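Q: Just passing along the structure, written as structure tokens.
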Amino acid sequence: MTSLTPTRTAWLRVGCVLAVGQRLEDVVEPIESIPVRDLFSRTMQILDHLSKEASPQQRAALRRAMTTLRTSLSMAERAEAELPALDVVSQLHLAAGIVEPTSSDKAALKVWGADLKARRRAAGLSRSVLAERAGISDSTLRNVETGRRAPTRTTVMHLQSVPELRIDPSPIGSQITSRRQRSQDLSPNCWLTPEYDALKLHGELTMLLNGRGGHLEQTYLYLDPSSAAAWYAIAEQEVYTIARMLMPMDRVAEQISERAGAVGLDVIGLGCGDGKDEVRLTQCLLERHSSQNLRLYLLDISQPLCCAAYRHAAEVLADRPTVSVCAIQGNFHNLQRYTPLLHSQERSHRRRIVCIFGNTFANLQNEIMFVRNSLLGFAPGDFLLLNVPSTMAPADKQDEVMRKDPRLAGRSPTETMAPALSIQDRMYTELLRRYIAGIKSTEIKSTLDYAACPVPGSYAADVRATVKMQSGEAKHFSIAYIKRYDRTLLDEAMLKEGWSPVAHWRYAEEYHPRLLLLYQRVRSVTDET
Ligand SMILES: C[S@@+](CC[C@H](N)C(=O)[O-])C[C@H]1O[C@@H](n2cnc3c(N)ncnc32)[C@H](O)[C@@H]1O
């Protein structure tokens, strides 16, 4: 094992042997204080060793590489002497990662900026490469590095997501090859939103279910590990997987790529559940989009599902270094408060794709209010991808709706769907049983409802549970409110809210016909004021 000599500093590490035609700076990774002479000498030994077994042609090339090293040593040592010395304390400081400046006075900002610059240089990143990797603009990075401006919390968070800025101080050894991977693993992979409080949510759910009854908003349906596991199992069912695979995600990626141009993209999955659709969209974008710089944000209120989604994404996208994945524990009703996800001046060179898969949008209490208020942080050019059930008959033809809509007719559209629907009802029943003390029995029934459907042409299946208590009392809950949409009328409503329809697809006819709808923002809130 090579030892550290903190007095002479080079911030260079030979990551591999020089190959023919490669430049020295392509193969040395800046990492720790080993004198450049030692590094060169070790490299020469390895090259010499390799040349003994090489073919005549390779040997000649290896000899040329050794000559290059020998002749450039004095130049490298001069450069080494000019670099600032980094002692062990500095190394540990760099290893600890970036935090916000302690004060916003000029002197403190200058020190903070210089520190960032040192980290960037130690990581071998140019300013423009770091700006691109962090998803901030060049000018923002310049301003904070020079101490001209204080970094916002969002800028700090974006910088924190670049793993190379956190320098691993462990000595060089047999683990060299795995070091990059380890530093990726150590980079922050989850944000806890400021108001997220799992215990408070649990308390609210308990109180609601132990009251007289009422509507159980979807925020509470998947919170505890048992409900999350039940949902995960539903999403694993063959019928659910097939319906997901029928979603023409490559066509969505094609549309987005054509319209967005060569910019970085932020895929933001709201209520991502197991995250599989968001990951598939990201994969399709990687195939089609000219910029490979992608960020995948997986937001869910359910801690177990958020964690499952992160694991799935990290595993599937592990070999895609241009994609960063971040799980977010938060409430999508508060999305407008989560500034790191929203459009801002410093990230105006990127486009955001907000995705809401599954029935999540259709379960909202008021979709128009949600689009208007929770999505107000997105700007013209950003995308919204909705996935909703289609109407089975025109909303005003009540008899036809009752006959044709499987949920309302009390049957499943195909035999294969029956188990999925019954697991879903079982998930609701078990949730009630876990939380309501003194429960005797539960009956679940869906009724047709129009009164809470703000989108013209839509109707809802109000899934209601009647709970009989051992005391003889009965409670009535609305446990899911699932809307169905007429595509044309939903598009009109979305356009009024500033989201222009771009493309639509109808699929899964043999199950319950579903719509995949792509919108692009044409008007922002500020345009109206
Ligand atoms: C019907 S599941 C859909 C999951 C996934 N999108 C899919 O298509 O399989 C609804 C998801 O939204 C999440 N969710 C519900 N309310 C939420 C809220 N207020 N904020 C964030 N996530 C929420 C749930 O935890 C759950 O993962």
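Just so you know, all these numbers are worked out from the coordinates, no wet-lab data involved. For clarity, every value in this text was computed on a predicted model and none was experimentally measured. Cβ atoms come from the backbone with ideal geometry, glycine included; neighbour counts cover every protein chain shown.
Q: First measure r as the distance between the Cβ atoms of S128 and R433, then evaluate 1/(1 + (r/R0)^6) with R0 = 60 Å and state the FRET efficiency to the nearest 0.05.
A: 0.55
Q: For the range 321-383, what does the equivalent ellipsoid look like in terms of its semi-axes, each the square root of 5 times an eigenvalue of the Cα gyration tensor, given largest first in whole Å?
A: Equivalent ellipsoid semi-axes, largest first: 21, 15, 11 Å.
Q: Something else now. Starting from the amide H of V325, placed 1.01 Å from N in the peptide plane, find each other amide H under 5 Å away whose residue is 5 or more places distant or on another chain.
A: Residues meeting the amide H criterion: L296.
Q: Using a/c under 1.5 as the rounded threshold, could you call the range 465-529 rounded, prolate or oblate? The axes a ≥ b ≥ c are square roots of the C-alpha gyration tensor eigenvalues, and prolate needs a/b larger than b/c, oblate otherwise.
A: Oblate, since a/c reaches 1.5 and b/c is not below a/b.
Q: Oh, and also: For Y450 and S74 in the same chain, what is the full-extension length gain: residue separation times 0.36 nm, less their Cα-Cα distance, in nm?
A: Result for the pair: 127.2 nm of gain on full extension.
Q: Highest mean first, what order results for 264-271, 67-74, 378-385 on Cβ atoms within 10 Å?
A: Those peptides, ordered most packed to least, come out 264-271, 378-385, 67-74.
Q: What is the fewest-to-most order of D224, D138 by other Cβ atoms lying within 10 Å of their Cβ?
A: In order of increasing Cβ crowding within 10 Å: D138, D224.
Q: What does the charge count around N366 come to, taking other residues whose C-beta lies under 15 Å from its C-beta (Lys +1, Arg +1, Asp -1, Glu -1)?
A: Summing Lys and Arg as +1 and Asp and Glu as -1 gives -2.
Q: Give me the net charge for the shell around A309: Cβ to Cβ below 12 angstrom, other residues only, Lys and Arg +1, Asp and Glu -1.
A: My count for the surroundings of A309 gives -3.
Q: Whole Å is fine, so just give me how far the alpha carbon centre of the range 252-267 lies from that of the range 325-373.
A: 17
Q: Roughly speaking, what is the stretch gain from E510 to N210, that is 0.36 nm per residue apart minus the C-alpha to C-alpha distance, in nm to one decimal?
A: Answer, rounded to one decimal: 104.1 nm.
Q: Under a Cβ-Cβ cut-off of 15 Å, what is the net charge of the residues other than G269 that fall near it, where Lys and Arg count +1 and Asp and Glu count -1?
A: Computed value for this residue: 0.
Q: Same structure again: Sorting H476, H512, H202 on the 10 Å Cβ count, fewest up front, what's the list?
A: Lowest count first: H476, H202, H512.
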